[in-house]
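Below: one structure, written as structure tokens.
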Amino acid sequence: MVTISHLQEWKREQFKFASITAYDATFARLFSKNGVKVILVGDSLGMTIQGHNSTLPVILNDMVYHIRCVRQGAPSCFLLADLPFMTYATPSQAFENAAKLMRAGANMVKLEGGGAWLADTIRNLVMRSIPVCGHLGLTPQSVNMLGGYKVQGKNMNDAEQLLADAHILAKAGMQLLVLECVPSKLAEQVTSELTIPIIGIGAGSKTDGQILVMQDVLGITEDINMPTFAKNFLASEGNIPAAVRCYIQEVESGQFPALEHSF
């Protein structure tokens, strides 16, 4: 079974790894059989599965249900799981809700945002044997505060704040970090300064790993909503297993993401 120790070893060895979202047992099994070792059960299911225009309507029971499904399909993958909107607003709330995700089959919970308030929550979760993944840059749960899905960290002040937040969260005990929609140079700096693995999505090719939403990898996102940082791997491969293997190979070789998928 893949563990956080494997991800840490991959960072030390500079082995780039590909991860993907999944929401059911069938796709989780297919991804695992074709080489995916890290799966995120993301609150992105609010948009990809439920049809909402944001992740905000997703509730904890939705996450528990889909985590159980994915774990059945991919028993040996490292499974990340999002704590959805307003389920970790207080430390006690975070403890209770994170435990539910772990009992459902997650290996690690993911929280969005930075700052001292979240550092305290992370510190206390880790003390209670709940591994934590952070998420900085474009944080979809904050879409109403950000004014839309926009690249973050473009100016010096914002970049310095993101870097500071990354260090604060890592010091608190965060063991993994997702950087979404940030300039490649900033993602490279975070990756080089932190000893924990960094997974990028729209963050250039210098992070330790990459993640994409499965619908984007397979080109079944409506064209109007296809992110510029994503790539349809099914278009050139002709079948889903081959598309997944191509995605993994291009991440491991550094071919993806290319400049056209970066900021």
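Below, the figures for the structure above:
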quantity: Index of the failed condition, Leu60 passing every other in (1) surrounded by 15 or more Cβ atoms within 10 Å (Cβ to Cβ); (2) closer than 17 Å to Ile20 by Cα; (3) not polar (S, T, N, Q); calculated: (2)
quantity: Residue list for segment 16-57, restricted to those being in contact (Cβ under 8 Å) with a residue 12 or more places away in the chain, polar (S, T, N, Q) and either surrounded by fewer than 17 Cβ atoms within 10 Å (Cβ to Cβ) or assigned to a loop (DSSP other than H, G, I, E, B) (or both); calculated: Thr26, Asn34, Ser44, Gln50, Ser54, Thr55
quantity: Matching entry among Glu180, Glu188, Glu222 (being at pLDDT 95 or above, among the charged types (D, E, K, R) and surrounded by fewer than 21 Cβ atoms within 10 Å (Cβ to Cβ)); calculated: Glu188
quantity: Among (1) surrounded by fewer than 21 Cβ atoms within 10 Å (Cβ to Cβ); (2) in contact (Cβ under 8 Å) with a residue 24 or more places away in the chain, the one test that Gly148 misses; calculated: (2)
quantity: Segment 228-255 - residue that is assigned to a loop (DSSP other than H, G, I, E, B) and in contact (Cβ under 8 Å) with a residue 40 or more places away in the chain and, of those, surrounded by the most Cβ atoms within 10 Å (Cβ to Cβ); calculated: Phe229
quantity: Members of segment 153-180 that are assigned to a loop (DSSP other than H, G, I, E, B) and either of a type in the set (D, E, K, R) or more than 16 Å from the chain's Cα centre (by Cα) (or both); calculated: Gly153, Lys154, Asn155, Gly173
quantity: Enumeration of residues in segment 222-263 that are in contact with a helix residue (DSSP H, G or I) (Cβ under 6 Å, 6 or more places away or on another chain), more than 15 Å from Val36 (Cα to Cα) and hydroxyl-bearing (Ser, Thr, Tyr); calculated: Ser262
quantity: Among the residues listed as Gly204, Gly238, Gly254, the single one being at pLDDT below 95 and at positive phi; calculated: Gly238
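The values are calculated or read from the model by the stated rules, or taken from the named source; none is laboratory data. Since the model is a prediction, treat every value here as computed from it, not as a measurement. Cβ atoms come from the backbone with ideal geometry, glycine included; neighbour counts cover every protein chain shown.
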